[in-house]
Amino acid sequence: MRLTHVDQLRLPFGALRSYQVTATPEPAGPAAELPVSFDQARHVGAGDRPGSWMAVSIRLREPVVPEDLAAAWLAVVARHGTLRTGFVQDEDGGVHLRRLRIGPGRWEDHEITPGRSMNAALQEVLDASCRPLSAPSHRLCTIDTAVGPTLVIASDHAHVDMWSMLVLARDVLAALADIRAGREPTEGWVPEFAEHTAVLERRTAVPEEVHRRWAEILSAGEDVMPRFPLPLGDPALQPERVEVRDVLDVDDTAALSAQARADGVSTLALTTSLMTQVTRDLADAPLRAVFPVHSRYDKTWHDSVGWFITNSVLESADASPQAAAAAVKEAIALGSWPLREVLAPWGGMPEAPGMFALSWLDLRRLPVRIDDIGLEAQYVSSGIRTSGVMLWFILDDAGVHLRCRYPDTSQARESVGTWLDALVALLRSTARASAGTRLLAGGREYRVSRARLADVPAIVALLTDDELGRTREGADLERYEAAHEVLSRDGAHYLAVVRDAEERIVGTMQLTIIPGLSRGGTTRLQIEGVRVAGSERSHGLGTAMLTWAHDHGRSRGAALSQLTTDGTRTAAQQFYARLGYEASHVGLKRPL
């Protein structure tokens, strides 16, 4: 799922509309006043302003009746109490959260003047409606086209986090499906974020050890929250520069995770160790960063909407994966206590220009899922002025992506750009040299990689190197190269080559991930074209290749592996049987 900025958001051109609900405050009284979290108070206490929202966009593939969409949104608002609240600020700057009565509203058309981009027009709508003191501070927008609308669901950050945006997108789609099928939308009760705030406030006092460790980390940075370790230029607020990078594809992501498993740590911990190494190399300093951690500590809150994020501090001085894992574990523990009490000695969060924050979100592990690829879903942030550096990592079924926001000064461009370039290069080199690409067979080490165009002649030689191959292969090399180009464009295919210690290609196989409806929607791994060079046979390399192929399939959601082999290949059939394959079906082929 792409994590992007409103300026870089991919939008169609069409009629821009937004649905404005009606809202009136609940009558004053104890029931109308709700607890305010530490982060909400800090965010709203900074004042009413544009650019404090976050959004998710999804593209539907068929037209939607506006009245149906409005009814679906109202059902979602009714389900989530957080969306029926609003903040007010008193004369002394105190922040209060009050309940709102939400009712049906109206669609509003927004003109796109000549020469203006859709992105700028959308940002104007959201900047005006999704502010800290808006009541309510959320808005549903549509960009209508002939083939279907793009929906943009947005809210001020005080009421949502990135997990919440997935919940809202899922619930809107579910409510819309119910309405179009003639059913009442399923509401169901989910606890609201204010209840979570109240639960945290009732926790026991923060242990002295936690107070001490926070003090140690902050004192190392002159008693302010961690700052980026390289110079950023003028410390005043600057227009932001936002970089969005696709760091690793799905293959390299699997390889990086395999290396993490080999090191006995998580992928986050391994990435932290690499960030520590880069920071040591470039700044001769430990990695210190603000580290947001989610507070949905049990499934009670999985389907709720709110700002279930609190800030911790991460300090990693040792670049070994195990030490980085300990640093991540400590940061999660430090962030599990109410910050109001933790940061009281500093009078709140001691922010300073240059503050550095790292965020990590693995969408593959969340209990809330949408078809982000089919929906072309994108997380969206607004444009702001900033003096600090914020780095988000997103992991999804397409790989690892990052977005980085920093002040747009020449010094920051050089410093942050150099740091990011070094980190991305190190992540890629670690993935490509990882345990996930390594095979051991017969006391020898081999490497598996995706075939390049230059590898095609060696692959053809392997395909030809048997009695059947000599009769079936032999087409012009250009045809094989054209086939390689087709395979390379589709991520479902993995044409693998296996190299020995001398970089000779000694094995190949073609792996294809096939989604399906049968067997309860089972995804399958299809294995074809398995070949091992004659010099490497009978040493266990074929078994190692198939074991790697099975791991490849499992990492991409496959639950069944299937293959065919020529009926005359009795030795191959015996080999596959030893690996657990059963001759359960009859394979048929015919020329076309």
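The values are calculated or read from the model by the stated rules, or taken from the named source; none is laboratory data. These numbers were taken from a predicted model, which means no experiment stands behind them. Every residue, glycine among them, receives a Cβ derived from its backbone with ideal geometry; neighbour counts consider all protein chains shown. Protein only, heavy atoms only, side chains kept; ligands, DNA and RNA dropped before computing areas. Shrake-Rupley method; radii C 1.70, N 1.55, O 1.52, S 1.80 Å.
Miscellaneous remarks
- Those helices (runs of 4 or more DSSP H) of region 188-294 in which at least 3 residues are hydroxyl-bearing (S, T, Y) and buried (at least 16 other Cβ atoms within 10 Å of the Cβ), considering only elements entirely within it, cover 267-283.
- Of everything listed in (1) within 24 Å of E222 (Cβ to Cβ); (2) modelled with pLDDT under 95, the single unmet condition for A255 is (1).
- Output for region 295-343, where each listed residue is of a type outside the set (D, E, K, R), open to solvent by 40 Å² or more (accessible area, probe 1.4 Å) and within 24 Å of V76 (Cβ to Cβ): T300, H302, I309
- Residue in region 219-236 that is at negative phi and free of Cβ contacts under 8 Å to residues at least 24 places away in the same chain present: yes
- Unique residue being in contact with a Phe, Trp or Tyr (Cβ under 7 Å, 6 or more places away or on another chain), touching a residue at least 12 places away in the same chain (Cβ under 8 Å) and either open to solvent by 40 Å² or more (accessible area, probe 1.4 Å) or more than 29 Å from V6 (Cβ to Cβ) (or both) when the list is R413, R428, R450: R450
- Taken together, the criteria place L477 among residues that are over 21 Å from H5 (Cα atoms) and in contact with a Pro (Cβ under 9 Å, 6 or more places away or on another chain).
- So V456, is it in contact with a Phe, Trp or Tyr (Cβ under 7 Å, 6 or more places away or on another chain), more than 28 Å from S257 (Cβ to Cβ) and in a helix (DSSP H, G or I): yes
- Failed condition for R61, given (1) more than 30 Å from W346 (Cβ to Cβ); (2) in a loop (DSSP other than H, G, I, E, B); (3) at pLDDT 95 or above: (3)
- Unmet requirement for A146, which otherwise passes all of (1) among the aliphatic types (A, V, I, L, M); (2) farther than 20 Å from H43 by Cβ; (3) assigned to a helix (DSSP H, G or I): (3)
- Taken together, the residues in region 171-187 that are open to solvent by 60 Å² or more (accessible area, probe 1.4 Å), within 22 Å of V152 (Cα to Cα) and either out of contact with any Asp or Glu (no Cβ under 7 Å at 6 or more places or on another chain) or in a helix (DSSP H, G or I) (or both) amount to 2.
- Residues that are of a type in the set (S, T, N, Q) and in contact with a Pro (Cβ under 8 Å, 6 or more places away or on another chain), drawn from region 407-457: Q411, S415
- Where strands (runs of 3 or more DSSP E) sit wholly within region 368-417, those with at least 1 residues that are closer than 30 Å to G557 by Cα and polar (S, T, N, Q) occupy 378-381.
For every residue, the table says whether it meets (1) surrounded by 18 or more Cβ atoms within 10 Å (Cβ to Cβ); (2) touching a helix residue (DSSP H, G or I) at 6+ places or on another chain (Cβ under 9 Å); (3) over 29 Å from T267 (Cβ atoms).
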site: A461; (1), (2), (3): no, no, yes
site: T471; (1), (2), (3): no, no, yes
site: R489; (1), (2), (3): no, no, no
site: V497; (1), (2), (3): yes, yes, no
site: T508; (1), (2), (3): yes, yes, no
site: H539; (1), (2), (3): no, no, yes
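- Failed item, numbered, when V498 is tested on (1) in contact (Cβ under 8 Å) with a residue 40 or more places away in the chain; (2) under 14 Å from R450 (Cα atoms); (3) not in a strand (DSSP E or B): (3)
- Some residue of region 149-158 being farther than 21 Å from T82 by Cβ, in contact with a strand residue (DSSP E or B) (Cβ under 9 Å, 6 or more places away or on another chain), surrounded by 15 or more Cβ atoms within 10 Å (Cβ to Cβ) and touching a residue at least 24 places away in the same chain (Cβ under 8 Å): yes
- Residue in region 81-122 that is most open to solvent (accessible area, probe 1.4 Å), counting only those that are more than 23 Å from T197 (Cα to Cα) and in a strand (DSSP E or B): R106
- Summed over region 123-140, the residues that are closer than 26 Å to E26 by Cα and either assigned to a strand (DSSP E or B) or of a type in the set (D, E) (or both) give a count of 4.
- Annotation: R531 fulfils all but one of (1) surrounded by fewer than 18 Cβ atoms within 10 Å (Cβ to Cβ); (2) over 24 Å from R261 (Cα atoms); the unmet one is (1).
- Flag for Q8 being of a type in the set (S, T, N, Q), open to solvent by 10 Å² or more (accessible area, probe 1.4 Å), within 28 Å of the chain's Cα centre (by Cα) and more than 18 Å from D161 (Cβ to Cβ): yes
- Any hit, region 202-213, residues being closer than 30 Å to R79 by Cβ and either of a type in the set (A, V, I, L, M) or out of contact with any helix residue (DSSP H, G or I) (no Cβ under 8 Å at 6 or more places or on another chain) (or both): yes
- Filter result for S382 (among the polar types (S, T, N, Q), open to solvent by less than 10 Å² (accessible area, probe 1.4 Å) and at negative phi): yes
- Top-ranked residue in region 53-71 [being of a type in the set (G, A, S) and buried (at least 24 other Cβ atoms within 10 Å of the Cβ); ranked as farthest from L375 (Cα to Cα)]: A55
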